[in-house]
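In what follows, a single structure is set out as structure tokens and then discussed.
The values are calculated or read from the model by the stated rules, or taken from the named source; none is laboratory data. Note that the structure is predicted; figures quoted are calculated from it, not measured. Don't worry about glycine lacking a Cβ; one is built from the backbone with ideal geometry, like all the others, and counts go over all protein chains shown.
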Amino acid sequence: MGGRARAPSPLSIAIVGLVTLLASIPPPQAKAAAGSCTIVVNSSGVLTPDANLTSLSTNNPGGRPASATITAMASGTLPGLVCSVGLPLNCFSVSVTAPSGFNSAPSGMTGTATFQPNVRLASGSSFLNLVSLVVLNGTSTVNFDLTAQTSMGVFRAGNYQVQETVRCE
């Protein structure tokens, strides 16, 4: 209490500076200031039923996620440099929107389906169930999983088609 004030150590100044820098970085959903983002579909996904016929999913045995190659380039020296070193500032966000229904389904299908999309880097895990992710400058292969749950009954035998909307912003 009546003692001399201690000067902060260089380490505490560096930590305060880092906290200030991190607090000023916008959240990952921030949009890129300028640049380009190209999506090229590599393959369609395959939905397969679960043993109870209550879900169709790319995660069920025999299922396969849709795949796309995404090339993102933030323009400008500073945005491009910051995005290249891994800070999600002025990088692009890839998102997927859940479908509202099947494009086609067997006749006599009762009830509705709810859809849960998931996006992940091809080299990553899908355990987080993300509907968007930040991509840095360069090219990435991205997988898109989808699960459809029926609201009543089971999925009937037949062909189902559904389309997800993928955005890079």
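A few comments on the model shown:
- Residue that is modelled with pLDDT of 75 or more and closer than 18 Å to N60 by Cα, where the choices are N159, N129, N103: N159
- All positions within region 132-145 that are modelled with pLDDT of 80 or more, of a type outside the set (D, E, K, R) and over 10 Å from I70 (Cβ atoms): N143, F144
- Residue list for region 43-75, filter: over 16 Å from A122 (Cα atoms), among the small types (G, A, S) and at pLDDT 85 or above: A51, S55, S57, G62
- Considering residues of region 76-100 that are exposed (fewer than 14 other Cβ atoms within 10 Å of the Cβ) and in a loop (DSSP other than H, G, I, E, B) only, the residue modelled with the lowest pLDDT: G86
- Each residue in region 132-162 was checked for being surrounded by fewer than 12 Cβ atoms within 10 Å (Cβ to Cβ) and under 23 Å from N103 (Cα atoms), and 7 pass.
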